[in-house]
């Protein structure tokens, strides 16, 4: 009986001493459990499936690195990989574009709320709607682009049917809502810029670009970090616009890794879950390398600024 009371007293004493460090973990535990269950575990399951030949229903057959060896010689994979890097490079234009639009909208002039609503509109509409709108815009027969060319008696290019232009046309459609998202992040960040630093900069003679570079942008690093990470993830997992606008065509020239993964695993061309998981694993590694590099750069900048 005395040992039970002693153990109970020790537990109460331990709880009183460590409750400030234990309580946050108790509140985080449900979220961490859900994150492990629905994010971390599927990642490892997908990596494991990449070593098997599986149609999603029958028995799995272990084939080792055969899927990766096949991927190494797959021309469609290299086309998708090249398109993903094009998406990654051009999609990053959304970050500076969103910043400059946010700087323009961060004004106190008449009608600014209307302008904010117009620039915010692309973010709230579905990607499916964006894809349909731009498909109509690119229509060489009756689209807006055809009407513009008709003003000079020109013949519009069939952007979505031309292997040279199709990827860039889809990227332009994707940039429209992505710029709006980056703009929202920067508008939020601009509301938190310290006004005393702005006044101090003006007293020191900082104007326009110097004010932006040395005073405003350093305070926007958190918003920049989120904008870059979300833009990178959006570029690498691009799927819906390609599915709506071209379905990977013409002749597979607009495929990206996410769409090729779907086509291989779930469409009528595939049902090869193991091969699709292999593509997903490569895509995950590319995403992790790029984001880890950016995190390291951000850490070095923060470390150097102290």
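The values are calculated or read from the model by the stated rules, or taken from the named source; none is laboratory data. Remember, it's a predicted structure, so these values are computed and weren't measured experimentally. A quick note on method: Cβ atoms are made from the backbone with ideal geometry, for glycine too, and the neighbour counts reach across all protein chains shown.
Applying the criterion of at least 2 residues that are closer than 28 Å to residue 113 by Cα and either without any contact (Cβ under 8 Å) to a residue 24 or more places away in the chain or touching a strand residue (DSSP E or B) at 6+ places or on another chain (Cβ under 6 Å) (or both) to the helices (runs of 4 or more DSSP H) found wholly in segment 178-267 leaves 195-203, 208-211. Does residue 278 qualify as being closer than 29 Å to residue 84 by Cβ and either at pLDDT 90 or above or not in a helix (DSSP H, G or I) (or both)? Spelling it out, residue 278 is indeed closer than 29 Å to residue 84 by Cβ and either at pLDDT 90 or above or not in a helix (DSSP H, G or I) (or both). Looking at 189, 154, 143, just one residue is over 30 Å from residue 225 (Cα atoms) and in contact with a helix residue (DSSP H, G or I) (Cβ under 8 Å, 6 or more places away or on another chain), and that residue is 143.
So which residues in segment 44-60 are loosely packed, with under 15 Cβ neighbours inside 10 Å and at pLDDT below 90, if there are any at all?
Residues of segment 44-60 that are loosely packed, with under 15 Cβ neighbours inside 10 Å, as a first pass: 44-45, 48, 55-59.
Within segment 44-60, 55, 56, 57, 58, 59 meet the criteria.
Screening residue 98 against (1) within 29 Å of residue 171 (Cα to Cα); (2) crowded, with 20+ Cβ neighbours inside 10 Å; (3) at pLDDT below 90 leaves a single unmet condition, (3). If you filter segment 161-175 down to residues that are more than 15 Å from residue 92 (Cβ to Cβ) and in a helix (DSSP H, G or I), you find that the one that is modelled with the lowest pLDDT is 161. Filter segment 145-160 down to residues that are within 26 Å of residue 87 (Cβ to Cβ) and either part of a loop (DSSP other than H, G, I, E, B) or within 21 Å of the chain's Cα centre (by Cα) (or both), then give me how many there are. Matching residues across segment 145-160 total 3.
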